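A.B. asks: I am attaching a structure below and will ask some questions about it afterwards.
The values are calculated or read from the model by the stated rules, or taken from the named source; none is laboratory data. As the structure is a computational prediction, the values presented were derived from the model and not from experiment. Heads up, the Cβs are rebuilt from the backbone with ideal geometry, glycines too, and the neighbour counts pull from every protein chain shown. Please note that ligands, DNA and RNA were not included when accessible areas were found on the heavy atoms of the full protein model with its side chains. Shrake-Rupley method; radii C 1.70, N 1.55, O 1.52, S 1.80 Å.
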Amino acid sequence: MTTSPVDHLDVLIIGAGLSGIGAACRLQELCPGKSFALLEARDVIGGTWDQFRYPGVRSDSDMYSLGFSFRPWTGRNAIGEGAEILQYIRDTAQEHGVDRHIRFGHRVTAASWSTPDARWTVTVELADGGTTELTCSFLQWASGYYRYDAGYLPDFPGRERFGGSLIHPQHWPQEASMAGKRVVVIGSGATAVTLIPALAKTARKVTMLQRSPTYILSYPRVDPLARPLLRLLPDRLAHGFLRWKNVAVTAGSYALSRRWPKALSRVFIWQAKVQLPRGYDVAKHFTPRYGPWTQRLCLVPNGDLFKAIRKGQADVVTDTIETFTETGIRLASGQELDADVIVTATGLTLLPFGGARLEVDGEAVSLPDHVLYRGSMLDGIPNLTLATGYSNASFTLKCDLTSQYACRLIGHMDTAGIRVCVPERADGSMQRVPALDLSSGFVTRSIDEWPRQGDRAPWRLDQNYARDIRVLLREPLEDGVLEFR
C-alpha cells in the first residue's frame with residue numbers, strides 16, 4: 001500500500017480513451033503552458049477500443065466524423081475496425097506528446113470542490129491498492145458512459161444448466177474458437193450485428209436471437225468519394241469535405257425521422273429487404289416496433305450481416321427466452337435452439353462519472369438533481385466539463401467541441417483574473433427530461449441515475465453539430481447563466 005503526497009495541476013483530464021486523448025491535444029494546443037495530467041484507471045491507452053476485443057469489433061459511426069478534426073483519419077475503411085481505431089488513438093497521443101502526461105493505474109473514486117480554495121481535490125485508487133490525492137483548478141471528465149468491469153446480463157432462467165460456453169462480448173476470451181460450432185447470439189444491437197458476420201466465417205451456424213428487430217442499414221465499408229477526393233484535393237481539405245458530408249447525411253436522416261418517421265422507416269426496411277433472400281420474413285425479423293432514431297441505427301459495412309444470411313451462414317429468430325437448457329435455449333414458442341456457445345450481446349451498463357463520488361463544498365452531488373448546461377457542464381458544479389456525445393451522430397463530434405469550449409473558459413478566466421465559472425439555473429419551473437433521448441435498453445435501465453436536460457436553451461441538448469459549433473465556439477461566454485466569480 002502506498003500513499004503519495006498531494007500535487008497540484010492546472011487541469012486534470014479523467015480517462016485516456018478517444019475523448020480524453022482529444023481533450024489533452026486540444027488543451028495543449030489552445031492553452032499552452034498549462035500543467036495537466038490524464039488519469040487512466042487501466043494500464044493502457046484506448047478506453048473502449050482497448051477494452052472491447054470481441055471478433056469484428058468496429059465503429060458504429062463513420063471514421064471521418066468519429067476521428068479527430070485536427071488529425072484526420074487516413075485509414076482506408078470508412079467504418080474502422082477496432083484494432084485500427086486503437087492504433088489511431090495511440091498514434092495521436094504519441095504524435096502530440098500527450099502520452100507523456102498519462103498516469104496509468106489511477107482510478108478516480110471521488111472529486112471534491114472547495115469554493116474557498118477554488119480547486120478540486122481528486123481521490124485516486126492506485127493499481128497497487130494504495131491511494132493518492134491530486135488537486136486541480138479545472139476538471140475535464142472524459143471517461144465515457146459505460147461501466148468497464150461488467151456488461152449487462154439479464155437473469156436468464158436456467159442459465160446454470162447450460163453445458164456449453166457462455167460469453168459476454170465485453171469480456172471476450174481471446175483463446176475462444178468458434179470453428180465448427182453452433183452459436184446463438186442473444187441481442188440485435190450494434191454488438192450483435194458486428195459479431196455475427198465475424199463468427200459466421202468459421203462457425204457451423206450462427207443464430208441471432210432477438211426479442212424485437214432493430215433498424216439495420218448497409219453502409220459502404222470504403223466511402224466511394226474518398227479515393228477521388230484524396231486524389232484531387234489536399235488531405236485535410238478532402239477529409240474535411242468527407243466529414244461534413246457525413247455529418248449532413250446523418251443530420252438529414254435524423255431531421256426526416258422527426259418529420260416523416262413512417263416514410264423513413266419504410267425506406268430503411270426496404271433497403272434491408274432487397275439484400276435478404278426472396279420471401280424472407282422481413283415484417284417479423286427486420287421491422288422494428290419503434291420509430292427511426294429513437295434508438296441508434298446499426299450500420300453493417302457492405303451489408304455483411306445480410307450476406308451471411310443469404311449464404312445460409314446465419315439466421316434470425318425473433319422470440320423470447322423461456323429457459324436455458326443443457327443443450328441450448330427453449331423459446332416461448334416452444335422452439336429449441338441447440339448451441340455449443342451462447343453469446344450474450346445483451347448490452348452495456350451506463351455508469352456516470354465512472355462511479356466516482358462528487359462533492360461541492362462538502363455536500364454530496366446527486367446527479368439526477370442537476371441539469372446539463374450546453375451539454376458540457378452541470379448547473380451548480382464549478383470548473384468542470386464532461387464529455388457527452390450526440391444520439392444521432394458520432395461521439396467525438398460533441399466531445400471535441402466540449403474540449404475546445406473548456407479551453408475557451410480557461411483562457412477567458414486567465415485573461416480576466418477569474419478563478420471560478422459555474423452555470424446557475426435560476427428558473428425552478430423549467431421542465432426537466434432525460435439527458436439521453438433514446439429508448440434503448442441500456443439507456444432506460446440507468447437513465448434515472450444521470451443528470452437531466454431542460455426544455456429550453458441553454459439547458460436543452462440540441463442534436464445539431466453545426467449549431468453547437470456556433471454556440472460553444474463563437475457565442476459570448478458571458479450569457480447571463482454562466483457565472484464567473
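A.B. asks: Roll a 1.4 Å probe over the protein chains and send me the accessible area per residue for the chain in Å².
C.D. replies: On the way: 21110 Å² over 485 residues.
Accessible area per residue: 44 Å².
A.B. asks: Which distance in nm do the two modelled labels at residue 338 and residue 202 give, with both placed 7 Å along the Cα-to-Cβ direction?
C.D. replies: 2.2 nm
A.B. asks: Continuing with this model, one more query. What lysines could a cross-link reach from residue 284, if we take a straight Cα to Cα line under 28 Å and drop same-chain neighbours fewer than 8 places away?
C.D. replies: 181, 201, 205, 262, 273, 307, 311
A.B. asks: How many percent of the accessible area of the range 1-82 is carbon or sulfur, using a 1.4 Å probe? Walk me through the intermediate numbers first.
C.D. replies: Values: 1460 of 2870 Å².
C and S atoms contribute 51 percent here.
A.B. asks: For the peptides 348-355, 426-433, 454-461, what is the packing order when you average, over each peptide's residues, the other Cβ atoms within 10 Å and list the highest mean first? Present the calculation step by step, with values, prior to reporting the outcome.
C.D. replies: Values: 348-355: 18.9, 426-433: 10.4, 454-461: 16.8.
Packing order, densest peptide first, comes out as 348-355, 454-461, 426-433.
A.B. asks: Residue 446 accessible area, nearest 10 Å², 1.4 Å probe?
C.D. replies: Counting only protein heavy atoms, the figure is 10 Å².
A.B. asks: I would also like to ask the following. What accessible area, in Å² to the nearest ten, does a 1.4 Å probe give for residue 123?
C.D. replies: The accessible area comes out at roughly 40 Å².
A.B. asks: Remind me, what semi-axes does the range 154-202 give for its equivalent ellipsoid, largest first in whole Å, using sqrt of 5 times each Cα gyration tensor eigenvalue?
C.D. replies: 18, 15, 11
A.B. asks: What distance in nm lies between label points placed 7 Å from Cα along the C-beta direction at residue 294 and residue 44?
C.D. replies: Between residue 294 and residue 44, the simple spin-label model gives 4.0 nm.
A.B. asks: Within the chain, what's the longest run with no GluC sites (Glu not before Pro) in a DSSP loop and at most 14 other beta-carbon atoms within 10 Å? Give the range, please. Before the final figure, lay out the partial values.
C.D. replies: On the way: sites that count: 175, 326, 424, 478.
Here the longest segment lacking exposed loop sites spans 1-174.
A.B. asks: Follow-up question, since we're still on this one. Can you bin the range 45-111 into rounded, prolate or oblate? Criterion: square roots of the alpha carbon gyration tensor eigenvalues sorted a ≥ b ≥ c, rounded for a/c under 1.5, prolate for a/b above b/c, oblate for the rest. Mind showing how you got there, number by number?
C.D. replies: Numbers: a/c = 2.18, a/b = 1.40, b/c = 1.56.
It is oblate, given that a/c is not under 1.5 and a/b is not larger than b/c.
A.B. asks: Compute the long axis of helix 18-30 from its Cα atoms, compare it with the longest principal axis of the Cα atoms of the chain, and write down the angle in degrees, 0 to 90, nearest 10.
C.D. replies: In the chain, helix 18-30 runs at an angle near 30 degrees to the longest axis.
A.B. asks: With a Cα-only, solvent-free Debye model of the chain, what are the log10 I(q)/I(0) values at q = 0.06 Å⁻¹?
C.D. replies: These q points yield log10 I(q)/I(0) values of -0.29.
A.B. asks: Would you please name the trypsin sites (Lys or Arg not before Pro) within the range 194-288 that are DSSP coil residues with at most 15 other C-beta atoms within 10 Å of their C-beta?
C.D. replies: Values: sites: 201, 204, 205, 211, 221, 231, 236, 243, 245, 258, 259, 262, 266, 273, 278, 284; in loops: 201, 204, 211, 221, 278.
Filter output for the range 194-288: 201, 204, 211, 278.
A.B. asks: Then there's this: How would you classify the range 301-363 from its alpha-carbon gyration tensor, with a ≥ b ≥ c the square roots of the eigenvalues: rounded for a/c under 1.5, else prolate if a/b is greater than b/c, otherwise oblate?
C.D. replies: Working: a/c = 3.93, a/b = 1.92, b/c = 2.04.
Verdict is oblate for the range 301-363.
A.B. asks: If each residue of separation counts as 0.36 nm, what is the full-extension length gain between residue 128 and residue 7 once their alpha-carbon separation is subtracted?
C.D. replies: Details: separation 121, 0.36 × 121 = 43.56 nm, distance 1.90 nm.
Extra length available between residue 128 and residue 7 comes to 41.7 nm.
A.B. asks: Here is a follow-up. Using a Förster distance of 41 angstrom, determine the FRET efficiency expected from the C-beta separation of residue 327 and residue 87, and round it to 0.05. It would help to have the intermediate numbers written out before the result.
C.D. replies: Numbers: r = 41 Å, r/R0 = 0.99.
Computed FRET efficiency for residue 327 and residue 87 comes out at 0.50.
A.B. asks: Continuing with the same structure: Can you pull the percent of the range 365-451's accessible area that's carbon plus sulfur, 1.4 Å probe, other chains left in place?
C.D. replies: Working: 1400 of 2890 Å².
Carbon-and-sulfur percentage of accessible area, whole number: 48.
A.B. asks: Ignoring any ligand, DNA or RNA, what whole percent of the accessible area of the range 166-227 comes from carbon and sulfur when the probe is 1.4 angstrom? Working shown, then result.
C.D. replies: Values: 1300 of 2560 Å².
Of all accessible area on the range 166-227, carbon and sulfur atoms account for 51 percent.
A.B. asks: With everything on Cα atoms, drop me the angle between helix 82-95 and the longest principal axis of the chain, reported from 0 to 90° to the nearest 10.
C.D. replies: Its long axis makes an angle of about 20 degrees.
A.B. asks: Expressed in nm to one decimal, what extension gain is obtained for the pair residue 319 and residue 274 from 0.36 nm per residue of sequence separation less their Cα-Cα distance? Write down the numbers at each step before the final one.
C.D. replies: Working: separation 45, 0.36 × 45 = 16.20 nm, distance 2.35 nm.
Separation in residues times 0.36 nm, less the Cα-Cα distance, equals 13.9 nm.
A.B. asks: For the pair residue 427/residue 483, report the inter-label distance in nm, with labels modelled 7 Å from Cα in the Cβ direction.
C.D. replies: Label at residue 427, label at residue 483, 1.8 nm between them.
A.B. asks: Additional query: Set the Förster radius R0 to 41 Å, insert the Cβ-Cβ distance between residue 212 and residue 416 as r into 1/(1 + (r/R0)^6), and round the FRET efficiency to 0.05. Intermediate values should be presented prior to the final figure.
C.D. replies: Working: r = 54 Å, r/R0 = 1.31.
That pair, residue 212 with residue 416, gives E of 0.15.
A.B. asks: Another question, if that's okay. Among all the lysines, which ones have a C-alpha under 25 Å from residue 34's C-alpha, if same-chain residues fewer than 8 places away are not counted?
C.D. replies: Of all the lysines, those that pass the test against residue 34 - Cα under 25 Å, at least 8 places apart if same chain - are 398.
A.B. asks: Here's another thing I want to ask about it. Quick check: the angle from helix 235-259's long axis to the longest principal axis of the chain, C-alpha only, nearest 10 degrees?
C.D. replies: 70 degrees
A.B. asks: A further question follows. Using a 10 Å cut-off on Cβ atoms, rank the peptides 13-24, 177-188 from the highest mean neighbour count down. Walk me through the numbers before you get to the answer.
C.D. replies: On the way: 13-24: 29.2, 177-188: 19.1.
Going by the mean number of other Cβ atoms within 10 Å, highest first, we get 13-24, 177-188.
A.B. asks: For the chain, what does the helix formula give at 222 nm: sum of -39500 (n - 2.57) over DSSP H segments with n ≥ 4, over the residue count, nearest 500 deg cm²/dmol?
C.D. replies: -8500 deg cm²/dmol
A.B. asks: Is the C-alpha gyration tensor of the range 117-239 telling us rounded, prolate or oblate? Criteria: a/c under 1.5 is rounded; beyond that, a/b larger than b/c is prolate, otherwise oblate. Display every interim value, and only then the final one.
C.D. replies: On the way: a/c = 2.49, a/b = 1.15, b/c = 2.17.
Oblate.
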